[in-house]
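The values are calculated or read from the model by the stated rules, or taken from the named source; none is laboratory data. Predicted, not measured: the structure shown is a model, and the values here were computed from it. Every residue, glycine among them, receives a Cβ derived from its backbone with ideal geometry; neighbour counts consider all protein chains shown.
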Amino acid sequence: MLAKVQSCAVVGLDAELIHVEIDIASGLERITLVGLPDTAVRESSERVRAAITNSGYFFPQHRLTINLAPADLRKEGPAYDLPIAVGILVATRQVPAELDDALILGELSLDGSVRHVNGVLSMATMARERGYRRLFVPRVDAPEAALVEGLCVYPIDSLASLVEHLTGVRPIPPYENTLRFDAAEEPPYPVQFQDIKGQEHAKRALEVACAGGHNCLLKGPPGAGKTLLARALPSILPRLTLSEALDVTRIYSVAGALPEGQPLIRTRPFRAPHHTISHAGLVGGGRWPRPGEISLAHRGVLFLDELPEFGSRNLETLRQPLEDRVVTISRASGSLTFPASFILVAAMNPCPCGYYGDEHKECTCSMSMVQRYQKRISGPLMDRIDIHLEVKRVPFQRLAALEGGESSAAIRRRVEQARRIQAERFAPLGKPNLVVNGDMSPGEVQRFCAIDETGRNLMRAAVQKMNLSARAYHRVLKLARTIADLAGEERIQPHHLAEALQYRPRALI
């Protein structure tokens, strides 16, 4: 007898419909699994056999063929265990159920209990788009699936409970989504700006970076506060909207990085990978491509501490995502694109010992060592960083002061106001990827970053004296546009350009 059950596969960040076809024919007992399965899928036959038997049902002692269609799409992971088991029970008439409007997914334990699978949010979204009304998922994944409206999500504990539901013996009530998203809710921040003494110049630069989505490089001696400043950055970023939270959650769900008991990501990501990270870990990839750290930092911050210690290959692959806000991973079977719209914040010492240019401690490095160390970061990558900031050590008087600095909440209000101005500016263009000034293309820079004659004279002198490239010229204009937005001014003034220019590096050392 032939039975068909619908399930899902995750390809990149999107889900594809998979038809699980079960055919039982006469002959010696044999299980054949086809449809480009990986090792985890091929091993499902043994898990399914044990789960069906241990749940008290009959496993057929005949020739069994399992086809995962379409056959040209590679299948991976254990999410097909439950639909295969249900298909076998339907084919053997142990479950007389109609499943044309249902999608089933879940990993089976040997005792028949159902385990978590990755990518449930993407699968639920696809189910709604394809017109399916019922979605059967592991109980632990039900809150995540219920984020998608318009579906009846059934939380499944075990294969036996699912069979009892399908046969009408013990119906399972649909999961009720009690999760409420409040954009005004104040999330906890481990570090806030009022906790950092001094560094007012650096705080101002980071405020500009957050307001316009600009990349930033912090350079200074050890202990000056570079890492602390970077870790305080999320506290002044605007809170996630619901659509942004769903985008971030989908990435974390596919990557298997959702925190336990947290079906929805509510705070902007802050990713700080170690400099020993692999290329696939940073950018994404692998035999079955998965999102890397730059995609996990989508809508948030990617912090690269000790920037020169990262491998040159890893750093150079950041160049395309910094421009296009996406990363494309190509394999022989095709290409996958992951979102990568993040603020890059990098920190580095000026030399191997860390004290080149320090006013209080003598540098022990030779000039050739300093040059070699700083040249680990290529010119094209440096050109894509909008704000180059020197972070000096804080004097004792500021460290010992009782009063703190301006609060993160006050700075965040200015950042949110600047972003509202940008949203109103870009709304008529109808470009969903154009959110902040840092996303502007050259054509949009020409349209929205007009300067007067005094400003043109200032930029002309800056291009000649600072040897600015065309990219750097546009980045200065975008930075000046953000500074003007923070000031609530419609036109870019010369003093906005002057502040933007001071964030450009004048020399490598």
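Which number in (1) in contact with a strand residue (DSSP E or B) (Cβ under 6 Å, 6 or more places away or on another chain); (2) under 30 Å from Leu389 (Cα atoms); (3) among the hydrophobic types (A, V, I, L, M, F, W, C) marks the one condition that Val208 misses? Result: Val208 fails condition (1) only.
Rundown of residues vs (1) crowded, with 20+ Cβ neighbours inside 10 Å; (2) part of a helix (DSSP H, G or I); (3) at pLDDT 95 or above, yes/no style:
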| position | (1), (2), (3) |
| --- | --- |
| Val114 | yes, no, yes |
| Met123 | yes, yes, yes |
| Leu147 | yes, no, no |
| Glu176 | no, no, no |
| Arg180 | no, no, no |
| Glu186 | no, no, no |
| Gln194 | no, yes, no |
| Lys197 | no, no, no |
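Of the helices (runs of 4 or more DSSP H) entirely within the range 433-509, those holding at least 3 residues that are in contact with a Pro (Cβ under 8 Å, 6 or more places away or on another chain) and on the phi < 0 side of the Ramachandran plot occupy 453-466. Consider the range 390-432 and keep the residues that are within 27 Å of the chain's Cα centre (by Cα) and not in a helix (DSSP H, G or I). The one that is farthest from Pro350 (Cα to Cα) is Gly430.
Return the only residue of Ala224, Ala272, Ala232, Ala297 being farther than 24 Å from Met123 by Cβ and modelled with pLDDT of 95 or more. Outline the logic, then answer.
Numbers: Ala224 fails: modelled with pLDDT of 95 or more; Ala232 fails: modelled with pLDDT of 95 or more; Ala297 fails: farther than 24 Å from Met123 by Cβ.
Going through Ala224, Ala272, Ala232, Ala297 in turn, just one is farther than 24 Å from Met123 by Cβ and modelled with pLDDT of 95 or more: Ala272.
Candidates Leu33, Leu13, Leu64: the one that is aliphatic (A, V, I, L, M) and touching a Pro at 6+ places or on another chain (Cβ under 9 Å) is Leu13. All of Glu453, Glu416, Glu424, Glu444 fail the test of being more than 26 Å from Leu218 (Cα to Cα), surrounded by 13 or more Cβ atoms within 10 Å (Cβ to Cβ) and of a type outside the set (A, V, I, L, M, F, W, C), apart from Glu444. The selection criterion, being modelled with pLDDT under 95, touching a Pro at 6+ places or on another chain (Cβ under 8 Å) and not assigned by TED's automatic domain parsing to the domain that holds Leu13, does not hold for Thr241.
Restricting the first member to the range 93-111 and to residues that are more than 22 Å from Arg49 (Cβ to Cβ) and modelled with pLDDT under 95, and the second to residues that are in a loop (DSSP other than H, G, I, E, B) and of a type outside the set (Phe, Trp, Tyr), the beta-carbon pairs closer than 6 Å and six or more apart or on different chains are Asp101/Arg133. Looking for something within 20 Å of Pro174 (Cα to Cα) and not aromatic (Phe, Trp, Tyr) - is there at least one such residue anywhere in the range 62-83? Taking every residue of the range 62-83 in turn, at least one turns out to be within 20 Å of Pro174 (Cα to Cα) and not aromatic (Phe, Trp, Tyr).
Filtered by the rule that a residue be over 26 Å from Phe181 (Cα atoms), in contact (Cβ under 8 Å) with a residue 24 or more places away in the chain and either crowded, with 17+ Cβ neighbours inside 10 Å or charged (D, E, K, R) (or both), the range 266-287 gives Pro273, Leu282, Val283, Gly284, Gly285. For the range 310-328, a residue qualifies if it is outside any loop (DSSP other than H, G, I, E, B), closer than 23 Å to Leu218 by Cβ and either of a type in the set (A, V, I, L, M, F, W, C) or touching a residue at least 40 places away in the same chain (Cβ under 8 Å) (or both), and the qualifying residues are Ser312, Leu315, Glu316, Arg319, Leu322, Glu323. Within the range 245-265, being touching a residue at least 40 places away in the same chain (Cβ under 8 Å) and not β-branched (Val, Ile, Thr) holds for Ala245, Leu246, Asp247, Arg250, Tyr252, Ser253, Ala255, Gly256, Leu258, Pro263, Leu264.
Of the residues that make up the range 284-295, is at least one more than 26 Å from Pro78 (Cβ to Cβ), within 14 Å of the chain's Cα centre (by Cα) and β-branched (Val, Ile, Thr)? Outline the logic, then answer.
Here is the first cut: in the range 284-295, the ones more than 26 Å from Pro78 (Cβ to Cβ) are 294.
From what's left, within 14 Å of the chain's Cα centre (by Cα): 294.
Adding the requirement that they be β-branched (Val, Ile, Thr) leaves 294.
Among the residues of the range 284-295, at least one is more than 26 Å from Pro78 (Cβ to Cβ), within 14 Å of the chain's Cα centre (by Cα) and β-branched (Val, Ile, Thr), which makes the answer yes.
Loosely packed, with under 14 Cβ neighbours inside 10 Å, in contact (Cβ under 8 Å) with a residue 24 or more places away in the chain and of a type outside the set (Gly, Ala, Ser): does that describe Arg331?
Values: loosely packed, with under 14 Cβ neighbours inside 10 Å: yes; in contact (Cβ under 8 Å) with a residue 24 or more places away in the chain: yes; of a type outside the set (Gly, Ala, Ser): yes.
Here the answer is yes, as Arg331 does meet what is asked.
Filtered by the rule that a residue be among the aromatic types (Phe, Trp, Tyr) and either assigned to a strand (DSSP E or B) or closer than 14 Å to Leu315 by Cβ (or both), the range 335-372 gives a lone residue, Phe338. Taking the numbered list (1) closer than 30 Å to Ala205 by Cβ; (2) surrounded by 19 or more Cβ atoms within 10 Å (Cβ to Cβ) in turn, Leu336 passes all entries but (1).
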